[in-house]
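Following: one structure in structure tokens, then a few remarks.
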């Protein structure tokens, strides 16, 4: 049996909850400042080569995360390991938050909430397939076979699964076009009616980030800067943002500067979330961690 403590057994819950809320809200502020005040646009372009490479990186990072889950909970079933990985990825990618804000910002009531719920189906199915694929990748031994399996899984997710789910979603929406909202009312500049629910729902991605650090903390490098940097890189990779700004700047048919800025502001927000998660996790510990940790 595994003698490791429960993932969150070493923390003070009041401090942890404060840290989760603060990390999520401060990270969102980077995005708000960029979009609302600096008028940096959100990414509106799509590059299949960039998506494929980012997905391969995500699969590799998630495979390492899954390995940490198996070490942390080695006495538990493989099903639980897969569920924990799925929960971490779903929360980190704000699946429920995005569905809620989609419904909230839609114009038709009460069907807007049905539309919001429907919008979560595709990402949930995608993450379920991705999680199962990652668990399959980890059945290979370390080294070349596992890397090859990760590359194949990432390419299939980007080139087959994601487009297939998108086409299926479009077909469903086409059949329900007369029932679905035709527009949204959440327009820039955002007011308090948008900002308040947006900030309140940042708890979900922040929770996902803290779940990740609880899983990998003991496996990260012990030197402080290396530990922080490694975790930031991990979270960016899991969210397909590690290479995104540079790839989109190179591959977009439009302005490279605009592409770098639009993706870069999302990366900065995620990087700040990861950085604050490291700080919050240390602050929430019941006992003071050693300086080298």
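The values are calculated or read from the model by the stated rules, or taken from the named source; none is laboratory data. Just so it is clear, the structure is predicted and the values come from calculations on it, not from any experiment. Glycine gets a Cβ as well: all are built from the backbone with ideal geometry, and neighbour counts include every protein chain shown.
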Query - Condition met for residue 249 (in a helix (DSSP H, G or I), crowded, with 16+ Cβ neighbours inside 10 Å and over 13 Å from the mean Cα position of the chain (by Cα)) - result: yes
Query raised in the report: Mind checking which residues of the stretch 171-190 are touching a strand residue (DSSP E or B) at 6+ places or on another chain (Cβ under 9 Å) and either at pLDDT 95 or above or outside any loop (DSSP other than H, G, I, E, B) (or both)?
Result: 184
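Does residue 229 qualify as being touching a residue at least 40 places away in the same chain (Cβ under 8 Å) and surrounded by 14 or more Cβ atoms within 10 Å (Cβ to Cβ)?
Values: touching a residue at least 40 places away in the same chain (Cβ under 8 Å): no; surrounded by 14 or more Cβ atoms within 10 Å (Cβ to Cβ): yes.
No; evaluated as a whole, the condition is false for this residue.
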**Report entry** Among (1) at pLDDT 95 or above; (2) more than 17 Å from residue 271 (Cβ to Cβ), the one test that residue 30 misses
**Finding:** (2)
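Listed residues 114, 176, 165; which is in contact with a helix residue (DSSP H, G or I) (Cβ under 9 Å, 6 or more places away or on another chain) and surrounded by fewer than 16 Cβ atoms within 10 Å (Cβ to Cβ)?
Numbers: 114 fails: surrounded by fewer than 16 Cβ atoms within 10 Å (Cβ to Cβ); 165 fails: surrounded by fewer than 16 Cβ atoms within 10 Å (Cβ to Cβ).
One residue alone meets the criteria, 176.
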Report task. Consider only pairs whose beta carbons are under 6 Å apart and that are at least six residues apart or on different chains; among these, list those whose first residue lies in the stretch 163-179 and is over 18 Å from residue 48 (Cα atoms) and whose second residue is surrounded by 12 or more Cβ atoms within 10 Å (Cβ to Cβ). Result -> 169/122; 179/111
Report task. Would you check if residue 243 is under 19 Å from the mean Cα position of the chain (by Cα), modelled with pLDDT of 90 or more and at negative phi? Result -> yes
Query - Breaking point among (1) touching a residue at least 40 places away in the same chain (Cβ under 8 Å); (2) in a helix (DSSP H, G or I), for residue 193 - result: (1)
Query - Any hit, the stretch 277-285, residues being more than 26 Å from residue 8 (Cα to Cα) and crowded, with 21+ Cβ neighbours inside 10 Å - result: no
